[in-house]
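Here is the structure we will look at, set down as C-alpha cells.
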Amino acid sequence: MIPEALRPPRLDAPSREQLWRYFETSWIRYEWLFGAVTGDDQVLGRQPHPFRNALAFYYGHTAAFTVQRLRMTGLLDGPVDARLDLGLERGVWPTHADEIRDHQAWPAVTQLRAYRHEVHGRVQAVIERADLSAPITAADPLWALLMAIEHEIIHFQTSVPLLRQVPLPLLSRPPGWRTGPTADPVPSPSWVGISGATVHRGRTSTEARSFGWDNEYGPVTQDVADFRVRSHPITNQEMLSFVEDGSYEDARLWRTAEAEAWFQELAPRHPAAWVPGDGGFRYRAIFDELELPLAWPALVNRHEAAAFAAWAGARLPTEPQFHRLLALDLDATDPVLDRQRHNVDLRWGSPVPVGTLPEAIGPSGVEYLGNVALWAHEDFSPLDPARFRSHPCYPDFSEPWFRGDHGVLLGAGFAAGGHLCQVAQVRDFMQNHMDQIAGILLVEVAPGEQTRVA
C-alpha cells in the first residue's frame with residue numbers, strides 16, 4: 001500500500017496530531033522505500049553510485065541527523081548510540097569518485113533497524129512533551145524537528161535514483177509501488193507566449209505558517225520580460241534524437257562547471273536511466289525494465305539539461321521565469337502540489353507520458369508541474385547575498401554550495417513530498433553531475449543571447 005500523502009503541518013497554529021502525523025508518515029515512507037533492500041546485508045552494503053556512500057549509510061543517516069539536530073536544540077539530552085550518531089550523521093558531496101572511499105564496515109541491517117527504532121521512540125517522546133502553545137518559528141527548538149523531517153523527505157527523493165542503480169534481481173518492490181503508463185503517443189511540442197510581469201519571491205523571517213530552508217529567505221522583486229516557453233518538458237523521444245546526433249561526443253555543448261570531470265569519471269553516452277542493447281535502448285525504471293517510454297519526460301542531470309538546450313538553440317528557464325508561470329497557475333494562498341492533480345507525492349513511482357494529466361495544466365498552457373522537476377538556467381546562489389543567513393542548526397545546508405557546480409531544481413518530481421511540493425517557496429539544489437528526478441523545459445533565447453552551437 002502506498003504511504004499516505006505528506007502534507008506539511010501548520011506552524012502558526014501547531015497541532016500535536018499534525019506534527020506527529022507528518023513525522024510518522026515521512027518515517028514510514030522511508031522504511032517502505034528501504035524495504036526494497038533491507039532484507040540483505042550485502043545489498044544494503046553496496047555503493048550504487050561512485051559519488052555516493054553505500055545504501056546502508058543512507059538508511060541510517062537520516063536517523064542520525066535527527067538525533068544530532070534534536071541534541072543541538074536541547075530536545076534530546078544524550079546520545080542514542082554515540083558511535084552511530086556520529087558515524088552516520090554526515091554524508092558525502094564529492095566532485096570526483098576518488099574523494100570517497102567506501103571501505104567502512106557499515107552496520108548490519110539488524111543493527112540499523114534497531115537504531116532507527118530507538119530514534120523513532122525518542123522522537124515520539126519529544127513530540128508528546130512538546131510545548132505547542134505558540135507558533136513554531138525558526139528560533140524555536142522544535143524547528144530542528146521540522147528540519148529533520150524535511151531532511152528525510154529530501155533523502156527519500158534522492159535515494160530513488162540510487163536504487164535504480166541496483167540490479168533488479170537484488171531489489172524487492174515495495175508494496176503498492178506503481179510504475180506509470182507508457183504507451184501513449186508523444187504530443188507535438190509548441191511554443192507558448194508568456195507575458196512579462198514583476199515577480200516577488202523569497203520568504204520573510206516573519207512568515208510562520210510553514211517550514212523553510214535558509215536559502216528560501218530574503219525576498220526579492222524582479223522584472224520578467226515577455227518570453228516563450230515549450231509547452232511540455234523534453235521527452236525521451238526528443239532526447240533520443242540528441243543521443244543519435246552524437247551530442248555526447250560534441251565537446252562544444254558541455255559548458256557547465258565540472259562537465260569535463262564528469263566525462264572523465266563516468267564516460268556517459270546516454271541518460272543514466274537508459275539501458276543500451278541490440279539496436280537501441282531500453283529503460284530502467286526504479287523496479288522495472290521497460291521498452292524506452294518515448295512519451296515520458298527525460299530524466300537528466302544538469303550537464304545534460306544544459307547541453308540539450310544548447311543543441312536545440314534554446315536555454316533553460318530562469319528562476320524568475322518559473323515564478324512568473326507560477327503566478328499564472330497556482331493559488332497563491334496555498335501553493336502546494338498534490339497527488340490528486342499532479343504526478344507528485346508518489347501518485348506514480350515513475351514519470352507518466354506528457355500530456356496525459358490535463359488537470360495539471362493551468363492557465364499558462366504549459367505542463368511543467370509534477371512528473372519531473374526542472375533544471376534552472378542559473379547556478380545555485382542566495383536570493384539576496386547581503387541578507388542571507390544560514391540557520392545555526394544546519395549552517396552548511398546551503399552556503400558551501402553557492403557555486404557553479406550546483407544547480408537549482410524548479411518544481412517537483414514524482415517522488416517529491418512535503419515541503420518539496422511547496423514549489424513557490426522551496427529552492428531544491430543538486431550537484432551538476434547527479435542524476436535526479438529532473439528534466440528539461442526549454443525557453444526561447446532572447447535577442448542577443450547565444451543560440452545553437454556553431
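Would you pick out the residues in the range 116-137 that are within 14 Å of Asp85 (Cα to Cα) and either more than 27 Å from the chain's Cα centre (by Cα) or of a type in the set (S, T, N, Q) (or both)?
Across the range 116-137, the qualifying residues are Glu118, Arg122.
Exactly one of these conditions fails for Glu359: (1) more than 26 Å from Glu304 (Cα to Cα); (2) assigned to a loop (DSSP other than H, G, I, E, B). Give me its number.
Going through the list (1) more than 26 Å from Glu304 (Cα to Cα); (2) assigned to a loop (DSSP other than H, G, I, E, B), Glu359 breaks only (2).
Name the single residue that is surrounded by the most Cβ atoms within 10 Å (Cβ to Cβ) among those in the range 363-379 being in contact with a helix residue (DSSP H, G or I) (Cβ under 9 Å, 6 or more places away or on another chain) and charged (D, E, K, R).
Here the residue is Glu367.
Taking into account only those residues within the range 218-236 that are among the hydroxyl-bearing types (Ser, Thr, Tyr) and part of a strand (DSSP E or B), which is farthest from Gly313 (Cα to Cα)?
Per the stated criteria, the residue is Thr221.
If Ala125 satisfies every condition in (1) modelled with pLDDT under 95; (2) of a type in the set (Gly, Ala, Ser); (3) not in a loop (DSSP other than H, G, I, E, B) but one, which is the exception?
(1)
State all residues of the range 405-425 that are touching a helix residue (DSSP H, G or I) at 6+ places or on another chain (Cβ under 8 Å) and among the polar types (S, T, N, Q); if no residue qualifies, say none.
Result: Gln425, single match.
Is it true that some residue in the range 388-402 is part of a strand (DSSP E or B) and in contact with a strand residue (DSSP E or B) (Cβ under 7 Å, 6 or more places away or on another chain)?
no
Would you be able to say whether some residue in the range 53-71 is more than 26 Å from the chain's Cα centre (by Cα) and modelled with pLDDT of 95 or more?
Yes, the conditions are met somewhere in the range 53-71.
Just checking, which of Trp177, Trp143 is within 19 Å of the chain's Cα centre (by Cα), surrounded by 15 or more Cβ atoms within 10 Å (Cβ to Cβ) and either over 30 Å from Ala446 (Cα atoms) or assigned by TED's automatic domain parsing to the domain that holds Ser231 (or both)?
Sole residue among the options that is within 19 Å of the chain's Cα centre (by Cα), surrounded by 15 or more Cβ atoms within 10 Å (Cβ to Cβ) and either over 30 Å from Ala446 (Cα atoms) or assigned by TED's automatic domain parsing to the domain that holds Ser231 (or both): Trp177.
Just checking, how many residues over the range 354-394 are within 30 Å of Val67 (Cβ to Cβ) and in contact with a His (Cβ under 7 Å, 6 or more places away or on another chain)?
Adding up the residues that qualify gives 1.
Which of the strands (runs of 3 or more DSSP E) contained wholly in the range 244-356 include at least 2 residues that are more than 29 Å from Ser195 (Cα to Cα) and not charged (D, E, K, R)?
274-277, 280-284
Have a look at Asp345, Asp338, Asp405 and point out the one that is modelled with pLDDT under 95 and within 17 Å of the chain's Cα centre (by Cα).
Asp338
Taking the conditions exactly as written (in the same structural domain as Cys393 (by TED's automatic domain parsing), modelled with pLDDT of 95 or more and among the hydroxyl-bearing types (Ser, Thr, Tyr)), does Thr198 satisfy them or not?
yes
The values are calculated or read from the model by the stated rules, or taken from the named source; none is laboratory data. Every value quoted in this text rests on a predicted model; they were computed, and no experiment measured them. Every residue, glycine as well, gets a Cβ built from its backbone with ideal geometry; the counts of neighbours run over all protein chains shown.
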